[in-house]
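To keep things clear, I will list the structure first and then write my remarks on it.
Laboratory data are not the source of any read-out in this text; all were calculated from the coordinates shown. The shown structure was predicted, so the numbers you read here are calculated from the model rather than taken from an experiment. Virtual Cβ from ideal backbone geometry, glycine too; neighbours counted across all protein chains shown.
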Amino acid sequence: MLPILQRLSQNGVKHVLRALVLVPTRELAEQVLQSARTYGRHLEVSAAAIYGGVGMEPQTRALARSVA
C-alpha cells in the first residue's frame, strides 16, 4: 500500500480512479481499505472496498464521491 500511496501523492491528477487493488476475499479487501485509510490519512486520497454479496447502492455512492 505504501508504494501506491507514494505514487498517488506525487501525481497531481484528482477525481479519477488511479489505483485498483484486486484481492481474493472480502476480508482482505477490508484490511487493505483500512491500511489505505490509515497510511493515507494525511494525503488527499480516498479509498473504498467494492465486493460482491452486498447491496450495490452504498458502493456506487462511494465511487461517486470521487474515490481515487
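Here r is the Cβ-Cβ distance between VAL16 and ARG37 and R0 is 22 Å; the resulting FRET efficiency, rounded to 0.05, is 0.70.
Expressed as a whole percent, the proportion of Cα-Cα pairs in the chain lying more than 19 Å apart is 31%. Just name one of VAL21, ILE4, GLY52: the one whose Cα is farthest towards the positive end of the charge dipole of the chain (beta-carbon charges, Lys/Arg +1, Asp/Glu -1). It is ILE4, whose Cα lies furthest towards the positive end.
Hey, what did the chain get for relative contact order, percent, Cα under 8 Å, at least 6 apart? Walk me through the numbers before you get to the answer.
Working: 52 pairs, mean separation 27.8, N = 68.
Computed value for the chain: 41 percent relative contact order.
For the pair TYR51 and GLN6, label points projected 7 Å from Cα toward Cβ lie 2.8 nm apart. Among 37-49, 19-31, 53-65, the peptide with the highest mean count of other Cβ atoms within 10 Å heads the list, and the full ranking is 37-49, 19-31, 53-65.
Counting only Cβ charges, +1 for Lys and Arg and -1 for Asp and Glu, the dipole size of the chain around its Cα centre is about 200 debye.
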